[in-house]
1. Compute, for the chain, the length of the dipole vector about the Cα centre, with Cβ point charges of +1 (Lys, Arg) and -1 (Asp, Glu) only. Units Debye, rounded to 20.
2. With a ≥ b ≥ c taken as the square roots of the eigenvalues of the C-alpha gyration tensor of the stretch 249-394, please select rounded if a/c is under 1.5 and otherwise prolate if a/b is larger than b/c or oblate if it is not?
3. I want the antiparallel fraction of DSSP beta bridges within the chain, as a percent rounded to 5.
4. Mind jotting down the distance between the C-alpha centroids of the stretch 252-288 and the stretch 75-110, whole Å?
5. If a/c stays under 1.5 just call it rounded; otherwise compare a/b with b/c (prolate if a/b is bigger, oblate if not). Do that for the stretch 317-382, with a ≥ b ≥ c from the square roots of the Cα gyration tensor eigenvalues.
6. Pull up all non-local amide H partners of LEU287: gap of 5 or more, or a different chain, and H-to-H distance under 5 Å with H placed in the peptide plane.
7. In terms of the Cα gyration tensor, with a ≥ b ≥ c the square roots of its eigenvalues, is the stretch 2-239 rounded because a/c is under 1.5, prolate because a/b exceeds b/c, or oblate?
8. Within the stretch 357-402, report the GluC sites (Glu not before Pro) that DSSP leaves as loop and that have at most 15 other Cβ atoms within 10 Å.
Amino acid sequence: MVLTGLGVLSSIGNGVTEFTRGLREGRCGAGEITLFDATGFRRQLAHEVKDFEPAQWIRHTPLEELGRASQFSVAATRLAVQDAGLDLEELRGRRGLVTIGTTDGEARELDQLVESELAVGMAGLDPTAVRRLPAHRLALAVVRELRLPQAVPSVLGTACAAGNYAIGDGFDAVRFGEADYALVGGSDALARRTFAGFSRLGLVASDRCRPFDAEREGLLTAEGAGVLLLETLESARARGARIYAELLGYGLNCDAHHPTAPDQESVARCMGLALADAGIKPEEVDLVSAHGTGTKTNDITETRAIRELFGDRPPRTVALKSMLGHSMGAASALGAAASAVALAHGFIPPTVNHRSTDPECGIDCVPNHAVPAPLRIVVNNGLAFGGNNASVVLGRYEEDQR
């Protein structure tokens, strides 16, 4: 199974070229919140997607019918198809799967409807705005907009691991012959409700997200979308496609250990399941793209789980949320996209905003600056509230060995 197209919307850049440049530069996309009124919140920073013009990507669907998260999923999918060098007419004649993971669906639209209800009452609500709410539209809008009659749409709501869950769904569909290709990933838009929830939990950082840092304060909420185009190696080679990476396997589990706190044993077991599915030994892994939220509990638990699986000399472990923020359901999809470009271009993205590593996080987090590295195997983690865990294993594609 190979990855031949990437569609990315993020706070450090839109499109795979700008996204890759941002990763290499160690760019941080944090800034003042502009998408909603943050007055009254003690902390008012987040990672927003900039320079997003939905009309550039949405051509057959009235824009007012789609919420921001659905607009993201459509745009990222078009970018992925374009990046893969595929003609949409060709895809329309093939069996496909479109799976989008999300945490909040169209929570931003719900925020605005609540404001309208308070201002004008239920009778004054805009019916078009109400129709934007269903979460299934994040995938359905893709199929309708790209006019893919043989593609099956679905949405997975497994919170902040949903992007990896979607990748696993596509992996199974293609490898078992149920689909000829899969467009999979995650999408979420910045919402006041989500920001307020993390603020009430005391998890929002005052200035920057600093995963694994001794002085870390928490996360910064974000938005974005990442969509990956998966196809068989035979399909990719037949059309002379550029291949970013091989998708080797994945692992899922749900421990229901705690509403918000991760469980070390379960996280280690999830990574182990992914390696077993991929046929990879722990000592063969070169890099872990961690969930790495920058909260006290997550970073310690995740790094302990990594050491439990990999031993006293674990692979280098980076936290992309230091650059991208926590984009919820899109987070692990963006992590998979970053892992793919790192494999293809031979570098490790950094963990930025770093000062000094917490002694309880016994890993090399590649602080502040990207480094060149001939990566062969990367594990990408997504850990979610409720104990929903998902790990994906990607490998460098080497044509001369095929």
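Any read-out appearing in this document is the output of simple, stated calculations on the displayed coordinates, not a laboratory observation. Every value quoted in this text rests on a predicted model; they were computed, and no experiment measured them. Methodologically, a virtual Cβ is constructed for each residue, glycine included, from the backbone with ideal geometry; neighbour enumeration extends over all protein chains shown.
1. Working: 40 positive and 51 negative charges, 50 e Å.
Magnitude of the dipole: close to 240 debye.
2. On the way: a/c = 1.37, a/b = 1.14, b/c = 1.20.
Rounded, since a/c falls under 1.5.
3. Working: 41 of 63 bridges.
Antiparallel bridges: around 65 percent, rounded to the nearest 5.
4. For the stretch 75-110 versus the stretch 252-288, the Cα centre distance is 27 Å.
5. Details: a/c = 1.71, a/b = 1.14, b/c = 1.51.
Note, shape of the stretch 317-382 comes out oblate.
6. For LEU287, the qualifying residues are ILE377, VAL379.
7. Verdict is oblate for the stretch 2-239.
8. Values: sites: GLU360, GLU398, GLU399; in loops: GLU360, GLU398.
Passing sites in the stretch 357-402 are GLU360, GLU398.
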